[in-house]
Structures are given as structure tokens and as C-alpha cells.
Amino acid sequence: MASGVTVDGNRAVAIVPARLGSTRFPRKVLAAETGKTLIQHVVEAAARASSIAQVVVATDAVEVVEAVEAFGGEVVRTGEHPNGTSRLREAAGVLGLAADDVVVNVQGDEPEIEPETIDLAVAALVGSDCPMATVATPMSGDVGNPNVVKVVVAATGRALYFSRSAIPHRAEPGGAGVLRHVGIYAYRRAFLDAYASLAATPLEMAERLEQLRVLEHGHGIAVAVGESSHTGIDTPEQYAAFVRRWKESRSR
């Protein structure tokens, strides 16, 4: 999955943290009703991003290692970690990435992630002086749904705040400034080490949003705004719907 692609003179590498444990859908990354495992779909989607030079799965599970190797993917075996960011950091170290290289965290349960969304995250990071970047998309649907994270962005393109509540106040679907956060992150490799030393913060714990730790400690998060409709797979029902969409796309 590697190539000579560079961004701003540095490589952009997509790392896909993957684990077998999942409360609502155990072992989902190995689900294979399409003929491919879920993790293979994710790797192939990430590899289609024009900014990405290399796609690597990071996991502590032998079965995931074997599944990735079976389809010719690249995988790094890590230790156990409390979260995906921590696993990302270990994998980046194993890969020997340079301090300024771009590391993109692509979730292992997002087989329909648009390559353009990944490119947006990389471009936002490279085009700013922030150590971290993410993506937002115009909000539709129930802005008060706490399962949908919202973000407010400054005129400078930096995140002001992330929340599970409706922000700004009296926000309406499609209204100005109403943005849904798309859960993809790009980091400068060196910032993964700095991030690991940051203590948990009050707003992070109140909102249950790990990215607020970055803002509360004074670091900037660049935000690219673009169209993105993909969602992650958290339940067997969502996986079944993905399988139906995938089969329908193959029958056209």
C-alpha cells in the first residue's frame, strides 16, 4: 500500500487502529459477509485517498494480523492500549516516521469513508500551523442528538469547541455555522508524543470527547469543512445495512 507520495515534503500515512473487543458488535473488523473483512474494506478505502502514501493496520490481535496479511495489507502488531490514539503513537514509532510526517487516524469500522474526507484532513493540517486537524460537514437532522458531535469553527479555520449539545444556541439543521464533526484526525507525528503527556481535562470528561483535551491544553485543531456522509459501523444492524449497500453497488 506504499508509494512515493509526499505532502508538503513529508509522507502522509494512514494508520488504522483495530481491535476485536466491541461492546455492541464484538469482532466486527473481521466480519466478512461481502467476501472481504470489514478491515479490508477500510484499508482499501483509505488507499484511494490521493494524499496517502501508505496504509497500515495497527492491532494487538493475532487474528487481525492474519486477516490483514491474508489480503496483502500491511500491519503492525502493538501492545494493548486504552484508546486508538495511543495505539497510533506506538505504530508510528514502529514505522519510524519522521517528526513532521503526517499521521491520519482512520477508524477501523468506517468502510465507506470517502477518500476526499481523508484528503481534506491532510490538507487542513498541512495548510495550518496546528499540530492536529479534523473535518466537519454541514449539519442535517436532529442537532440535539447527543450521539452526533457538533463543532464550532473560528474564522481562522480552527476549532473553537466540540459538543454533544446543539451548538450554536438555537441551532437549526442547515443553518449557518451548524457543523457535524467527522471523526477523522490528522496529526504531525511529533504531536502524538506530546498528546500522550496531556492530562485529562474537565471539559473532555464532561462531554466525553477526547479532542477537547487538546483544546483545553492550548493546542490548535485545524478544521476542514466539506461534504461527508459516511458513518461508522457500531452494531450488527449497521453492518447488515452496509452489506446491502455494497451488494447493490456491485449489481448495478
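The values are calculated or read from the model by the stated rules, or taken from the named source; none is laboratory data. This structure is a prediction, so every number in the text was calculated from the model and none was measured. Positions of Cβ are generated from backbone atoms using ideal geometry, with glycine treated the same way; all protein chains shown enter the neighbour counts. Side chains are part of the model used for accessible areas, which takes the heavy atoms of the whole protein and leaves out ligands, DNA and RNA. Shrake-Rupley method; radii C 1.70, N 1.55, O 1.52, S 1.80 Å.
Of all accessible surface on region 11-76 at a 1.4 Å probe, what whole percent is carbon and sulfur?
Values: 1160 of 2500 Å².
Looking at region 11-76 in its full context, I get 46 percent from C and S.
Through the Karplus equation 6.51 cos²θ - 1.76 cosθ + 1.60, θ set to phi - 60°, convert the phi angles of region 149-154 into ³J(HN,Hα) values in whole Hz; use x for Gly and Pro.
Result, rounded to whole Hz: 7, 9, 9, 10, 10, 6.
How would region 1-133 be classified by its alpha-carbon gyration tensor: rounded, prolate or oblate, with rounded meaning a/c under 1.5 and the a/b versus b/c comparison settling the rest?
Numbers: a/c = 1.77, a/b = 1.51, b/c = 1.17.
It comes out prolate by the Cα gyration axes.
Leaving out ligands and nucleic acids, and using a 1.4 Å probe, what accessible area per residue does the chain come to in Å²? Mind showing how you got there, number by number?
Details: 11370 Å² over 252 residues.
Roughly 45 Å² per residue, with all protein chains present.
Just to check, using Stokes-Einstein with a Kirkwood Rh over alpha carbon pairs, what's the diffusion coefficient of the chain at 37 °C and 0.692 mPa s in µm²/s?
Details: Rh = 18.5 Å.
It comes out at roughly 177 µm²/s.
Name the long-range amide H neighbours of V76: under 5 Å, sequence gap of 5 or more, or other chain; modelled H, no Pro or chain starts.
Amide H neighbours of V76: V57, A58, T59.
Using Cα pairs closer than 8 Å and at least 6 residues apart in sequence, work out the relative contact order for the chain, in percent. Let's see the in-between values first.
Details: 515 pairs, mean separation 53.2, N = 252.
Relative CO of the chain lands at 21 percent.
Can you compute the helix-only [θ] at 222 nm over the chain? Use -39500 (n - 2.57) per DSSP H run of at least 4 residues, normalise by all residues, nearest 500 deg cm²/dmol. Walk me through the numbers before you get to the answer.
Numbers: 8 runs with 78 residues, N = 252.
Calculated from helices alone, the mean residue ellipticity at 222 nm is -9000 deg cm²/dmol.
Which percentage, to the nearest 5, of the DSSP beta bridges contained in the chain is antiparallel? Please list the in-between numbers first.
On the way: 19 of 38 bridges.
If we restrict to bridges inside the chain, about 50 percent are antiparallel.
Using r as the Cβ-Cβ distance of E248 and A32, and R0 as 25 Å, what FRET efficiency do you calculate, to the nearest 0.05?
According to the calculation, E is roughly 0.90.
Using per-residue counts of other Cβ atoms within 10 Å, averaged over each peptide, order 60-73, 105-118 from highest down.
Values: 60-73: 15.7, 105-118: 21.9.
So the peptides 60-73, 105-118, ranked by packing, come out 105-118, 60-73.
Gaussian network model of the chain, Cα springs within a sub-10 Å range: biggest mean-square fluctuation belongs to which of G157, G84, G21?
Checking each option, the largest mean-square fluctuation is seen for G21.
So in region 129-252, what percent of DSSP beta bridges are antiparallel if you round to the nearest 5?
On the way: 14 of 19 bridges.
Counting DSSP beta bridges with both partners in region 129-252, the antiparallel share is about 75 percent.
Please give the FRET efficiency for E112 paired with A70, using the beta carbon to beta carbon distance and R0 = 25 Å, rounded to the nearest 0.05.
Working: r = 22 Å, r/R0 = 0.87.
My answer for the efficiency is 0.70.
Of the candidates L179, L209, L120, which one comes out as most mobile in a Gaussian network treatment of the chain with C-alpha springs shorter than 10 Å?
Looking only at L179, L209, L120, the largest GNM fluctuation is found for L209.
Would you list R189, R27 from the most to the least accessible area, probe 1.4 Å? Walk me through the numbers on the way to the answer.
On the way: R189 30, R27 110 Å².
Sorted by accessible area, descending: R27, R189.
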